[in-house]
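Structure first, then comments.
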Amino acid sequence: MTETAQAPMVPLNHSRISPPDAIRAASAFADRMSARRSVRDFSPAAIPDGVIETAIRAAASAPSGANVQPWRFVVVTSPARKRRLRLAAEAEEREFYARRATDEWLSAIAAIGTDWNKPFLEIAPAVIVVFEVHQGPNSPRPYYVKESVGIAVGLLLAALHHAGLVTLTHTPSPMRFLNEVCERPAEERPFLVIPVGYPAQDACVPDLTRKALGEVMVWC
């Protein structure tokens, strides 16, 4: 059995705040995040320089199995590449909605009003394609990949929302075409597509409600 030396230990850099400040901070964050919505109507307005990089830096601070950090964030801004991405995604989505989606699934998403048409992939000034990084020539074996990448994406969405941007989590099915569009190796597997930008002036979202706290939290 091969033994791996433990990493050197360093003091934790942690600032403890008072209980009242903790409550205020948690409440302010919850209120801000409660206003987050998935948006499909984007403005083509440019995103300020540095915002996406900083948001991805926050995402990359997420915990991961064995600290392998099995994520890749590909930021697509080229109009030509966004066009390719949209056309490929719509081809898969058209087939999905017409033949592969179950009646149960179509019924479940009816309130959202989505279909195969995905103009936001071309209109949004940036599209972040998130990949899981699996074992390959230049990457080690990862552990708890989906859990790790899922946590990182949650931080990314929060950071982008905190910066005043809107996002959408999009999962065209299947997604392997993204490797070709983004020129990524086979060991990177598509996880999520996230258009990013500002909402269009006339943007609308479905009038949906979230479950009450008592429905999602249990003390035991």
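The values are calculated or read from the model by the stated rules, or taken from the named source; none is laboratory data. The structure displayed is predicted, hence computed values, not measured ones. When we count neighbours, we look across all protein chains shown, and the Cβ atoms used for this are built from the backbone with ideal geometry, even at glycine. Note: accessible area is taken over every heavy atom of the protein model, side chains too, but ligands, DNA and RNA are not part of it. Shrake-Rupley method; radii C 1.70, N 1.55, O 1.52, S 1.80 Å.
Structure above, values below:
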| item | result |
| --- | --- |
| Ordering of 73-86, 6-19 by packing [mean C-beta count within 10 Å, highest first] | 73-86, 6-19 |
| Estimated dipole of the chain in Debye, rounded to 20 [Cβ of Lys and Arg +1, of Asp and Glu -1, Cα centre] | 160 debye |
| Region 85-90 - phi-based ³J(HN,Hα) in whole Hz, Karplus 6.51/-1.76/1.60, Gly and Pro as x | 4, 4, 4, 5, 5, 5 |
| Rg to Rh, two decimals, where region 149-220 supplies the alpha carbon set and Rh follows Kirkwood | 1.06 |
| Size of region 85-220 as Cα extents on the principal axes (Å, biggest first) | 47, 45, 34 |
| nm² value of the averaged projected area, convex hull over the Cα atoms of region 12-150 | 12.9 nm² |
| Backbone N within region 105-122 under 15 Å of label point (7 Å from residue 94 Cα along the Cβ vector) | 115-119 |
| Contour excess over end-to-end distance, with Cα ends at residue 138 and residue 102 and 0.36 nm allotted per residue | 9.1 nm |
| Fraction of accessible area attributable to carbon and sulfur, region 103-220 (%, probe 1.4 Å) | 56 percent |
| Sequence-separation-based contact order of region 87-206, relative, with Cα cut under 8 Å and 6+ spacing, percent | 35 percent |
| Amide H partners (placed H, <5 Å) of residue 72, local residues excluded | 131, 133 |
| Relative frequency of Cα-Cα separations exceeding 14 Å in region 125-182, percent | 66 percent |
| Candidate residues 116, 105: accessible-area rank, largest first, probe 1.4 Å | 105, 116 |
| Percentage relative contact order, the chain, counting C-alpha pairs under 8 Å, at least six apart | 32 percent |
| For residue 128, distant residues with modelled amide H under 5 Å away | 76, 194, 196 |
| Mean residue ellipticity (222 nm) of the chain, computed from DSSP H runs ≥ 4 via -39,500 (n - 2.57), nearest 500 | -10500 deg cm²/dmol |
| For region 80-217: accessible area per residue (Å², 1.4 Å) | 55 Å² |
| Rounded accessible area per residue of region 12-61, 1.4 Å, Å² | 73 Å² |
